[in-house]
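The values are calculated or read from the model by the stated rules, or taken from the named source; none is laboratory data. Since we're looking at a predicted model, the values are computed, not measured. Cβ: placed from backbone, ideal geometry, glycine included. Neighbour counts: every protein chain shown. Note: areas computed on protein heavy atoms with side chains; ligands, DNA, RNA excluded. Shrake-Rupley method; radii C 1.70, N 1.55, O 1.52, S 1.80 Å.
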Amino acid sequence: MAAPKPRSSSGRSTPLRDSSESEKMEATGSWDALDWTIEPVSRSVSQSVSRVQLECLLEAEQVEVEGYGVVLVNTDEAGTLIVTNFRLLFLSEGTRNVIALGTIPLATIEKFNKFVVKNQSTPRQSDKTPSRRLLQVIGKDMRIIVFGFRPKTRQRRAVFNAVLKCTKPANLWDLYAFVSGPSKFNNTNPKVRLLNEYLRLLGKGSLRASMNMIEDGSFTFSNDLWRISSINSSYTMCQSYPFALIVPKSITDDEVLQASNFRARGRLPVVTWCHPKTGAVLARSSQPLVGIMMNMRSNTDEKIVAALCAQLTGTRGKRRKLYIADARPRKNALANGAMGGGSESSSNYFQSEIVFFGIDNIHAMRESFARLRDYLDTHGAASSDGMSSFLRHGGWTWGGGNLSSMSASVSTLGDSGWLIHVQSVLAGSAWIAARVALESASVLVHCSDGWDRTTQLISLANLLLDPYYRTVTGFQALIEKDWLAFGHPFADRVGMSTVTGSCSIPSELPRQSSTGSIQSSPMRQPSASFTSQPPTSHAQNNYSPIFLQWVDCVSQLLRMYPFAFEFSSAFLVDLVDCVLSCRFGNFFCNSEKERQQCGVPEACGCMWAYLADLRASKGSSHVHYNYFYDPLKHDGSILPPAAALAPTLWPQFHLRWACPTEAQAGDVEAQFRKMDIKFSELQKEKEAAERKAKEITAIMELLSADLQNEKQVSSSAMILAKRASKESEAIKRAIQSLGCNVHFSSSGDCTVDIESSQIEPPLKSSYPSKREADGAVQRDDKSDLSVSITVMADDLVSSNPIDRVCETLCPLRMRDGGCRWPDAGCAQLGSQFVGLKANYEAFDKLSIYDSYFQPQ
């Protein structure tokens, strides 16, 4: 769900401007160039869909309202604003392309306001200049956008009412995730995945969990020190804890149940991670209920905490040290004592040490996040009032070059406090990981309720200690275990509907600076008044970007250790977008129990399946994978020193709307990815060329072999031709020795003239040079050698041509048909007839002993 890079930045929370700014906006022509005719507002869904590019809509996404001629003030771009049951969709006027900056899921909207700006004009134009009707949308993803609507229409009211209805549904089941259903992103039961992670932690990864195992309660496996307990399988002991818990093996279920009464909300100390070699553990809980006098104790609670300090491996009776890390400031922990809470006393817990991390509560984080968002909108490339920061404050965002103004502007980033909070969480997590890795100590972490700061610290410490959690699969298991299973209240913190149907998204609230440390410019004050409700109090507003802050901490670690993580910063951005959009049901409700009661796993799509489907489309080259990942380089714990824990803005997330160009300019991974893609393309071309070269080489080898065969055949033919020439010469001489004249024609015929006085009538006889036995041998007019013999004889009695030829050639032939040749003196010429029988088959018809034609 990574949004395409917008061509301009996000907006600011107070987008109203004075008359001078109004004139600047009019000078751009975007307002006056529009056709300010009245458009009908109420349109049926079917008519609306016909105007929308259907490929832009997701499955089961339905159009509620459309507004035409709407201007996105941030970029001064006109288009069509569409409200669906899932998001605000802004399409460009000309190209009808989706504009990323103006497209935001409804669940990602934190606040939205509508107001009117009256332009100051000359007396002649006072009745003609229309007021500007604006809608401001403040997102939880660091974006502030403003839409301008046509005057004398009801489009803005229709859009506002549609947004209000869709962002505040009557109940949880009206959310888009339930309407769309699981689709192709089916969700396996998260209980099975949690149990598989427990088995891995206990060293029983070869076993695989199943629903049958969960239903019949046969999942209570154990090792030498720890066991899986089913005491909370029905969520009666603790409604915000998972169905299965890892507890010390020496502790019974009755003791677990008794110890839960001493901790806030029943969140007793349980194991969340075990070191596979040293046996050290990370445990989590809520604050102890020590009372206002800080003197209440629980024997079972102290017994469970003491059991976390199992005997050190390889030592004789020596127990490991236990650290109790309280994430709160010390004064806050003491203040909680007035409400029955508080913190532990090291004297009550054997061999323990209490440490306070001083991390602020959810309200401080929410206000810090809002100040950071204001800072980015003010000093970004452009803002929600449509004015570039380069044109503000006398021509430059840093106060027109005034050094003191520049320093004041830079200090506002620090005044937001966001980076300080991120550093505090990082430092606390690094300290916990160092105690476990270097001292083999166990650490118990808690805050007040044990589901906000505790979850941040525990999950980051897990990430530092266990390289498995730094993979894509392990990162999913980490979030599902420490965030989802252990009851981080996502519905309250993200601001979505709960099981009871209430919704914590405030509407029609003006953007208020939380501390007053960032002063708005006089030029950015509203020129027209509007009525709004008072800000929501802390007690009523539980929204806070706790999970987003934790992902920000992960991005800082990814920046410091680029070789240690399999996933990339783009994966983290898509993860946050999925959580904030509420497109999938994984992060609905406040606990595992509530999600099971609502049937969320079965009724909604799974975010993890969606992200996996994205990665499967491109394999290892997908943007979610870190190209620098080297699992062998960091195959153990990573322990960043305190000096390295200096966080910076997360460009891919914090700057993507305010400074889209700068958000990607320094992304070395993106540049490397482009180079790697180009290298992969060249590699494929090289492989294709090599395959082609191999094919050509094989063809050349075949042609060479054929040529060699042809040469051999040609050589054999030449040899045979030479032998035939010699034999023909020998025959010619033999025939001439009998007094015959031999003539060879160009056609291969041989004419033999025998001179004899007794021979008068000419007789011409022709014989083929080869036999045609049963038609098996065919004649070749060009290659067959035929012999034509012409004789003069006075005796034509014999009708056999062979006899006539024989009588002509051999005067010693007897008249009774016998041959006197064997006794003749011409037998000495037999050597001259070598090959006659083999090469001139025409002579086979002659009744001559073969022995006379064999070489001597």
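For the structure I just gave you, tell me whether THR80 is over 23 Å from ALA491 (Cα atoms) and part of a loop (DSSP other than H, G, I, E, B). Outline the logic, then answer.
Numbers: over 23 Å from ALA491 (Cα atoms): yes; part of a loop (DSSP other than H, G, I, E, B): no.
Here the answer is no, as THR80 does not meet what is asked.
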Handout entry: Selection status of SER210, surrounded by fewer than 21 Cβ atoms within 10 Å (Cβ to Cβ) and under 30 Å from ARG284 (Cα atoms)
Key = yes
Problem - Given (1) at pLDDT below 95; (2) among the β-branched types (Val, Ile, Thr); (3) farther than 17 Å from HIS446 by Cα, number of the condition ILE228 does not satisfy - result: (1)
Practice task
Restricting attention to the range 224-236, report how many residues are surrounded by 15 or more Cβ atoms within 10 Å (Cβ to Cβ) and more than 36 Å from the chain's Cα centre (by Cα).
Solution key: 8
Fill in the blank from the handout: When the range 36-89 is checked residue by residue, the ones that are among the aliphatic types (A, V, I, L, M), in contact with an Asp or Glu (Cβ under 9 Å, 6 or more places away or on another chain), open to solvent by 20 Å² or more (accessible area, probe 1.4 Å) and at pLDDT 90 or above are ALA78
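In the range 467-476, is there at least one residue being open to solvent by less than 10 Å² (accessible area, probe 1.4 Å), in contact with a helix residue (DSSP H, G or I) (Cβ under 7 Å, 6 or more places away or on another chain), more than 30 Å from LYS165 (Cβ to Cβ) and touching a residue at least 24 places away in the same chain (Cβ under 8 Å)? So that I can check it myself, show each step before the final result.
As a first pass, look at the range 467-476 and keep what is open to solvent by less than 10 Å² (accessible area, probe 1.4 Å): 469-470, 474-475.
With the extra rule that they be in contact with a helix residue (DSSP H, G or I) (Cβ under 7 Å, 6 or more places away or on another chain), the set shrinks to 469-470, 474-475.
Adding the requirement that they be more than 30 Å from LYS165 (Cβ to Cβ) leaves 469-470, 474-475.
Checking the rest, the ones that are also touching a residue at least 24 places away in the same chain (Cβ under 8 Å) come to 470, 475.
Yes - at least one qualifying residue is present in the range 467-476.
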Practice task
Look at the range 348-368 and say how many of its residues are closer than 20 Å to VAL425 by Cα and not in a strand (DSSP E or B).
Solution key: 12
Fill in the blank from the handout: Within the range 257-272, restricting to residues that are hydrophobic (A, V, I, L, M, F, W, C) and closer than 21 Å to CYS447 by Cβ, the one that is surrounded by the most Cβ atoms within 10 Å (Cβ to Cβ) is LEU268
Exercise for the section: Go through the range 277-336 and count every residue that is under 43 Å from the mean Cα position of the chain (by Cα) and either without any contact (Cβ under 8 Å) to a residue 12 or more places away in the chain or assigned to a loop (DSSP other than H, G, I, E, B) (or both). Expected result: 17
Problem - Among (1) in contact (Cβ under 8 Å) with a residue 60 or more places away in the chain; (2) over 37 Å from the mean Cα position of the chain (by Cα) - the single one ASP254 does not satisfy - result: (1)
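Considering only the range 407-419, I want to know if a residue exists there that is β-branched (Val, Ile, Thr), under 17 Å from ALA283 (Cα atoms), in a helix (DSSP H, G or I) and touching a Ser or Thr at 6+ places or on another chain (Cβ under 8 Å).
no
So which of SER92, SER131, SER121 ends up being in contact with a strand residue (DSSP E or B) (Cβ under 7 Å, 6 or more places away or on another chain), modelled with pLDDT under 90 and hydroxyl-bearing (Ser, Thr, Tyr)?
On the way: SER92 fails: modelled with pLDDT under 90; SER121 fails: in contact with a strand residue (DSSP E or B) (Cβ under 7 Å, 6 or more places away or on another chain).
Result of the check over SER92, SER131, SER121: SER131.
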Exercise for the section: Run GLY605 past the list (1) touching a residue at least 24 places away in the same chain (Cβ under 8 Å); (2) closer than 26 Å to HIS654 by Cα and report the number of the one that doesn't hold. Expected result: (2)
Problem - Matching entry among ALA244, ALA259 (being of a type in the set (A, V, I, L, M), in contact with a strand residue (DSSP E or B) (Cβ under 6 Å, 6 or more places away or on another chain) and touching a residue at least 40 places away in the same chain (Cβ under 8 Å)) - result: ALA244
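Sort out which residues of the range 421-453 are in contact with a Ser or Thr (Cβ under 8 Å, 6 or more places away or on another chain), within 20 Å of LEU484 (Cα to Cα) and outside any loop (DSSP other than H, G, I, E, B), and write them in order of number. I'd like the intermediate steps shown before the answer.
Going through the range 421-453, the residues in contact with a Ser or Thr (Cβ under 8 Å, 6 or more places away or on another chain) turn out to be 421, 433, 436-437, 440, 444-452.
Checking which are within 20 Å of LEU484 (Cα to Cα) leaves us with 444-452.
Within the range 421-453, LEU444, VAL445, HIS446 qualify.
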Handout entry: Members of the range 615-640 that are without any contact (Cβ under 8 Å) to a residue 60 or more places away in the chain and of a type outside the set (Phe, Trp, Tyr)
Key = ALA616, SER617, LYS618, GLY619, SER620, SER621, HIS622, LEU632
Problem - Search result, residues across the range 569-590 that are open to solvent by 10 Å² or more (accessible area, probe 1.4 Å) and acidic (Asp, Glu) - result: ASP577
Exercise for the section: Give just the number: which of (1) in contact (Cβ under 8 Å) with a residue 40 or more places away in the chain; (2) open to solvent by 10 Å² or more (accessible area, probe 1.4 Å); (3) within 24 Å of ARG656 (Cβ to Cβ) does ALA612 not satisfy? Expected result: (1)
